[in-house]
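Q: Mind looking over this structure? Questions follow.
The values are calculated or read from the model by the stated rules, or taken from the named source; none is laboratory data. Given the structure is predicted, the values throughout are model-derived calculations rather than measurements. When we count neighbours, we look across all protein chains shown, and the Cβ atoms used for this are built from the backbone with ideal geometry, even at glycine. Accessible surface areas use protein heavy atoms only, side chains included; no ligands, DNA or RNA. Shrake-Rupley method; radii C 1.70, N 1.55, O 1.52, S 1.80 Å.
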Amino acid sequence: MTRLNARLPYQILTFALFAAAWELYARARGGLLLPGFFETLRATGALLAEPELWRALYVSNQALVLGFAIALALGIPLGILLGRFRTLERYADVWLNILLVTPMAAIIPLLVMWTGIGLTSRTALVTVFSIVMVIVNSRAGVRQVDPSLIEMARSFGAREREIFTRVLLPGALPAVMTGVRLGLGRAVTGMVIVELLMISDGVGGLILEYRGLLKAPPLYATIVIILAEALLLISAARWCERRLTHWSRTTATRANLAGSPK
Amino acid sequence: MIEIHGLSKTFTDRRGDTVTALDDARLDVAENEFLTLLGPSGCGKTTLLKCIAGLVPYDSGTIEIDGRPIQGPGPDRAMVFQNFALLPWASVVDNVAFGLRLRGVARAEREERARELVATMGLAGFEKKLPGELSGGMQQRVGIARALAVQPQVLLMDEPFGAVDEQTRRLLQEELLALWEEQRPTVVFVTHSMEEAVLLGDRVALMSARPGRVAELVPVDLPRPRARGGGPDRSGVYAELTAYLWDRLREMHEEHRTVRTGAPA
Ligand SMILES: Nc1ncnc2c1ncn2[C@@H]1O[C@H](COP(=O)(O)OP(=O)(O)O)[C@@H](O)[C@H]1O
Ligand SMILES: [Mg+2]
């Protein structure tokens, strides 16, 4: 927390510079399609009073919450199993690589063909966008748990279930939380992209609508609101991460001093 | 108390090469004995200890404790690890209570017992600290307390003081001696230090590599208690024994070298 506060002046400074550059450029250039910083702020205030915005946010976030919840519910256990049982890797590796490298936008048409243009489709896309981060980080988290801890637990009579609950899960938690945070970022991306590209609904649909009507200020305001939501969600995830994994910062510096077996 | 006969263990590494860590090893450890296990590195000390702990399945031979063959890890044995193997997210008390928790001891009881041991090990005031906030010596005190908490008949220690500095090691050795002289558990203590082997042990089991087995049992004829006054007189018997052990170890290292370079023995 102290580190966040220490960074705050710099963040305000860079933001002020960014806003000033934007405002100056918009004034120099002029024109209908480039509102200045202050005009955008005003438009954002106005948009926040529109029921239309809140309906769009509700529609979009439905897919976000459902899709991300599914990504967590499937991704965390899957990643942990993959980390623990290497033989499963053979089956999963190729799929994970596909998920990692495919431009996700390309599969949107397929999803729409399979599941239609409703909530199902948008939810599925959020899941597909975000799940790979959750799986890969959970897997890495389990892998980085010191094997001597598993041996220690076994020496005190732990069975496989207890090795999971008492050693692997807590040990993997920091990396799992990192996966949750990164996955959340991708989930928001997925939520907006599907609405922009295929299913004109929610906040993405709002952007398309304002663009069609050449209403630049509310268009910018919508983007600002999406950004604000993303920042808010990521900060919340980071806060949870810090709360839950306080220990990993005390250990990181010391772990190497503790000596490793020769 | 511990009887080991014809114990053999061969590892196969990732490339498919085999390493014979133990070959027809035998060893008897008496009740309440402090046995130190000394040998060149890679001779199979850790493997032997882990076999006794029930952590490593062996290929052939028998390990019996009080006449019963061991089947995996058991409540009669507890291990202390060279790298401490503490849970980095758990407090000192929770680490000490870990074995008790696995054995289903109720929370209030296990915390009380853990707190007592934390105090015995000189860690009072550090109950809520995380391992990452402790020095190496303190971490190993936690490791020892965790093993003692389950009240094992046999304490298995794998180079427990190998990762701490010389001064801390001396302190820990004295503390361990004092504890042992009071409670007298059976101890199998692996070390690569002749001095440590003699200082602590009733007998030193000298292991050879290739074949990995106990080559010689050397009784340590030093009076007890040895903990007080900074340990025994380091001349006389102590000096003779460490010198003898070093001679034997050096022979082993030299044999090893001639075997490896292919020079005539
Ligand atoms: N899990 C393992 N896989 C392959 N080889 C191993 C394994 N554990 C030990 N070894 C080999 O067995 C031999 C004995 O090892 P170890 O018991 O650790 O020796 P020490 O503790 O005396 O140094 C060494 O050559 C080591 O490389
Ligand atoms: Mg060893």
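Q: Would you check which residues across region B:71-81 are surrounded by 22 or more Cβ atoms within 10 Å (Cβ to Cβ) and in a loop (DSSP other than H, G, I, E, B) and list them? Please lay out each step first, then the result.
A: Filtering region B:71-81 for residues surrounded by 22 or more Cβ atoms within 10 Å (Cβ to Cβ) gives B:77-81.
B:F81, the sole residue that qualifies.
To keep it simple, each residue is scored yes or no on (1) closer than 30 Å to B:A30 by Cβ; (2) within 14 Å of another protein chain (Cβ to nearest Cβ).
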| residue | (1), (2) |
| --- | --- |
| B:I65 | yes, no |
| B:R77 | yes, yes |
| B:V80 | yes, yes |
| B:A85 | yes, yes |
| B:V93 | no, no |
| B:V96 | yes, yes |
| B:A106 | no, no |
| B:T120 | yes, no |
| B:F126 | no, yes |
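Q: Let me ask another. Every residue in region B:1-21 that is out of contact with any Phe, Trp or Tyr (no Cβ under 7 Å at 6 or more places or on another chain) and not β-branched (V, I, T), please.
A: B:M1, B:E3, B:H5, B:G6, B:F11, B:D13, B:R14, B:R15, B:G16, B:D17
Q: Just checking, how many residues over region B:129-168 are surrounded by fewer than 20 Cβ atoms within 10 Å (Cβ to Cβ) and more than 12 Å from chain A (Cβ to nearest Cβ)?
A: Final tally of qualifying residues: 4.
Q: Could you check A:A46 against (1) buried (at least 16 other Cβ atoms within 10 Å of the Cβ); (2) over 29 Å from A:M133 (Cβ atoms) and say which number it fails?
A: (1) is the only condition that A:A46 fails.
To keep it simple, each residue is scored yes or no on (1) under 14 Å from B:N83 (Cβ atoms); (2) touching a Leu at 6+ places or on another chain (Cβ under 8 Å).
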{"site": "B:L130", "(1), (2)": "no, no"}
{"site": "B:Q139", "(1), (2)": "yes, yes"}
{"site": "B:A147", "(1), (2)": "no, yes"}
{"site": "B:V150", "(1), (2)": "no, yes"}
{"site": "B:Q153", "(1), (2)": "no, no"}
{"site": "B:D158", "(1), (2)": "yes, yes"}
{"site": "B:A163", "(1), (2)": "yes, no"}
{"site": "B:T168", "(1), (2)": "no, no"}
{"site": "B:L172", "(1), (2)": "no, no"}
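Q: Would region B:21-28 turn up any residue that is away from ligand 2 (no atom under 16 Å from the Cβ), under 27 Å from B:T242 (Cα atoms) and without any contact (Cβ under 8 Å) to a residue 40 or more places away in the chain?
A: Yes; the residues of region B:21-28 include at least one that is away from ligand 2 (no atom under 16 Å from the Cβ), under 27 Å from B:T242 (Cα atoms) and without any contact (Cβ under 8 Å) to a residue 40 or more places away in the chain.
Q: Let me ask something else about it. If only one of A:L100, A:L72, A:L88 is in contact with a helix residue (DSSP H, G or I) (Cβ under 7 Å, 6 or more places away or on another chain), surrounded by 16 or more Cβ atoms within 10 Å (Cβ to Cβ) and assigned to a helix (DSSP H, G or I), which one is it?
A: Values: A:L100 fails: surrounded by 16 or more Cβ atoms within 10 Å (Cβ to Cβ); A:L88 fails: surrounded by 16 or more Cβ atoms within 10 Å (Cβ to Cβ).
Just one listed residue meets the conditions, A:L72.
Q: With the condition being at pLDDT below 95 and open to solvent by 40 Å² or more (accessible area, probe 1.4 Å), I'd like the helices (runs of 4 or more DSSP H) fully within region A:144-243 carrying at least 3 qualifying residues. So that I can check it myself, show each step before the final result.
A: On the way: elements: A:147-155, A:169-197, A:202-212.
In region A:144-243, A:169-197, A:202-212 are the helices (runs of 4 or more DSSP H) which contain 3 or more residues that are at pLDDT below 95 and open to solvent by 40 Å² or more (accessible area, probe 1.4 Å).
Q: Next up: Between residues in region A:12-33 that are farther than 18 Å from A:A216 by Cα and residues that are surrounded by 11 or more Cβ atoms within 10 Å (Cβ to Cβ), which pairs lie under 8 Å by C-beta distance while being six or more apart or on different chains?
A: A:A20/A:F37
Q: Could I ask something else about it? Of the residues B:A119, B:A124, only one is without any contact (Cβ under 8 Å) to a residue 12 or more places away in the chain, surrounded by fewer than 18 Cβ atoms within 10 Å (Cβ to Cβ) and assigned to a helix (DSSP H, G or I); which? Steps first, answer last, please.
A: Values: B:A124 fails: assigned to a helix (DSSP H, G or I).
None of the others qualify; the one that does is B:A119.
Conditions tested, residue by residue: (1) at pLDDT 90 or above; (2) on the phi > 0 side of the Ramachandran plot; (3) within 16 Å of ligand 1 (Cβ to nearest atom).
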{"residue": "B:E182", "(1), (2), (3)": "no, no, no"}
{"residue": "B:M194", "(1), (2), (3)": "yes, no, yes"}
{"residue": "B:A197", "(1), (2), (3)": "yes, no, yes"}
{"residue": "B:R213", "(1), (2), (3)": "yes, no, yes"}
{"residue": "B:G229", "(1), (2), (3)": "no, yes, no"}
{"residue": "B:D233", "(1), (2), (3)": "no, no, no"}
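Q: Looking only at region B:63-85, count how many residues are aliphatic (A, V, I, L, M) and out of contact with any Leu (no Cβ under 8 Å at 6 or more places or on another chain).
A: First, pick out the residues of region B:63-85 that are aliphatic (A, V, I, L, M): B:63, B:65, B:70, B:78-80, B:85.
Of the ones still in play, those that are also out of contact with any Leu (no Cβ under 8 Å at 6 or more places or on another chain) are B:65, B:70.
Within region B:63-85, residues that are aliphatic (A, V, I, L, M) and out of contact with any Leu (no Cβ under 8 Å at 6 or more places or on another chain) number 2.
Q: Going through region B:56-88 one residue at a time, which ones are out of contact with any strand residue (DSSP E or B) (no Cβ under 8 Å at 6 or more places or on another chain) and within 16 Å of ligand 2 (Cβ to nearest atom)?
A: B:N83, B:F84, B:A85 - these are the residues of region B:56-88 that are out of contact with any strand residue (DSSP E or B) (no Cβ under 8 Å at 6 or more places or on another chain) and within 16 Å of ligand 2 (Cβ to nearest atom).
Q: With modelled with pLDDT under 90 and either in contact with a Cys (Cβ under 6 Å, 6 or more places away or on another chain) or surrounded by 11 or more Cβ atoms within 10 Å (Cβ to Cβ) (or both) as the only criterion, which of A:L34, A:L8 stands out? Talk me through it step by step, then tell me what you get.
A: Details: A:L8 fails: either in contact with a Cys (Cβ under 6 Å, 6 or more places away or on another chain) or surrounded by 11 or more Cβ atoms within 10 Å (Cβ to Cβ) (or both).
From the options A:L34, A:L8, the qualifying one is A:L34.
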